[in-house]
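The values are calculated or read from the model by the stated rules, or taken from the named source; none is laboratory data. Quantities reported herein were computed from a predicted structural model and do not represent experimental measurements. Methodologically, a virtual Cβ is constructed for each residue, glycine included, from the backbone with ideal geometry; neighbour enumeration extends over all protein chains shown. With ligands, DNA and RNA removed, areas are computed over all heavy atoms of the protein, side chains included. Shrake-Rupley method; radii C 1.70, N 1.55, O 1.52, S 1.80 Å.
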Amino acid sequence: IAIENVLLLNPTKGILQGGSASGRLYIRKLWGQPFQMGLSVDWIGDTMRAEDIHFWPFWSSDPSVLEYTKNNAIGIRSARNDNPHFSNIFMLGYNVGMEFVKNYFGITSKFKITNFDADMCRTGILISGETVTGQIANMTTQGTGISSSIGIFIISPANRVRLQASNLRFTDCQANGVRVDGEENWVALENIWVDNWDQSHVG
């Protein structure tokens, strides 16, 4: 499956792949303003690539629309996928920029994220599936105005997660730059800069 040069002005859900195994998926130049889900990928048994993705208020910057996406929308969700590659991604005003979950088919293993900017997202990267593994290089967040915002969040019951990340900058996080819950998680961070965190005083 190849999807290239697509504009999604105001769909509730953008591109959903799942329900049966796909060998490969290639997405390039995807932008728009999905309201609940931008890209959902599940059950890809071989390396997929998604690059040059830009979710931003292209359709409407009405405050009620932005409030809805801030509280409900997920930019990219990945479930049962092997070695997916994500690069050059920008999200503005989403509840979750990228999420890695566990479902009936399994989890995401060996994900790679390069050049990711989560601007005014409540959570930049959320890992909620146990035994997820991955690497991140070059990530920034700006959480201004988003309550309890977190740059990278490994949330219980995500146990035994393995994550390596380098070149990270988390600015104006209302809560944490990086938060790790769950058990037996292994996280290696290199060259990380966190400023103006815990502005909501939630610890």
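Excluding same-chain neighbours fewer than eight residues apart, the aspartates and glutamates reachable from LYS29 by a Cα-Cα span under 13 Å are GLU4, GLU51, ASP52. So who's got an amide H within less than 5 Å of the one on SER149, skipping anything under 5 residues away but keeping other chains? H placed 1.01 Å off N, in plane. Amide H neighbours of SER149: GLN174, ALA175.
What FRET efficiency, computed as 1/(1 + (r/R0)^6) with R0 = 35 Å and r the Cβ-Cβ distance, is obtained for THR12 and THR144, rounded to the nearest 0.05? So, using R0 = 35 Å, E works out to roughly 0.85. Counting 0.36 nm for each residue step from ARG160 to THR47 and taking away their Cα separation leaves a gain of 38.4 nm. Antiparallel beta bridges, as assigned by DSSP with both residues in the stretch 1-79, represent about 0 percent of the total such bridges. Given +1 at the Cβ of Lys and Arg, -1 at the Cβ of Asp and Glu and no other charges, the dipole of the stretch 92-203 around its Cα centre is 320 debye to the nearest 20. All other residues whose Cβ lies under 14 angstrom from that of PHE90 are scored, Lys and Arg at +1 and Asp and Glu at -1, for a net of -3. Alpha carbon centre of the stretch 115-155 versus the stretch 1-63: separation in Å? Cα centres, the stretch 115-155 to the stretch 1-63: 18 Å.
Within the stretch 137-157, list the residues whose amide N lies under 14 Å from a label point set 7 Å along Cα→Cβ of GLN199. Inside the label zone: 141-151. Take each peptide in 153-165, 92-104, 187-199, count the other Cβ atoms within 10 Å of every residue, and average; sorted highest first, the result is 92-104, 153-165, 187-199. With kT/(6 pi eta Rh) evaluated at 4 °C and eta = 1.567 mPa s, and Rh the Kirkwood radius from Cα pairs, the stretch 39-189 diffuses with a coefficient of 86 µm²/s according to Stokes-Einstein. The fraction of accessible area contributed by carbon and sulfur in the chain is 50 percent, rounded to a whole number (1.4 Å probe; ligands and nucleic acids excluded).
Its Cα centre serving as origin, the chain has a Cβ charge dipole (Lys and Arg +1, Asp and Glu -1) of approximately 460 debye. In the stretch 52-149, a dipole from Cβ-located charges (positive for Lys and Arg, negative for Asp and Glu) runs towards its positive end, and of ILE89, ASN71, SER128 it is SER128 whose Cα lies farthest in that direction. Across the stretch 134-151, rounded Karplus estimates of 3J(HN,Hα) from the backbone phi angles (6.51 cos²θ - 1.76 cosθ + 1.60, θ = phi - 60°) give x, 9, 10, 9, 6, 9, 10, 9, 9, x, 3, x, 9, 5, 6, 6, 9, x Hz, Gly and Pro being marked x.
Once the Cβ-Cβ distance of ASN83 and ASN167 is raised to the sixth power relative to R0 = 22 Å, the FRET efficiency obtained is 0.55. Distances between placed amide hydrogens fall under 5 Å for PHE111 paired with ASN83, THR133, GLY134, GLN135, all partners being 5 or more residues away or on another chain. Applied to the stretch 68-83, the Karplus parametrisation 6.51 cos²θ - 1.76 cosθ + 1.60 on θ = phi - 60° returns per-residue 3J(HN,Hα) values of 5, 5, 4, 9, 10, 8, 10, x, 9, 10, 10, 10, 7, 9, 9, 6 Hz, with x for Gly and Pro.
With protein chains left intact and a 1.4 Å probe, residues in the stretch 2-52 average 47 Å² of accessible area per residue.
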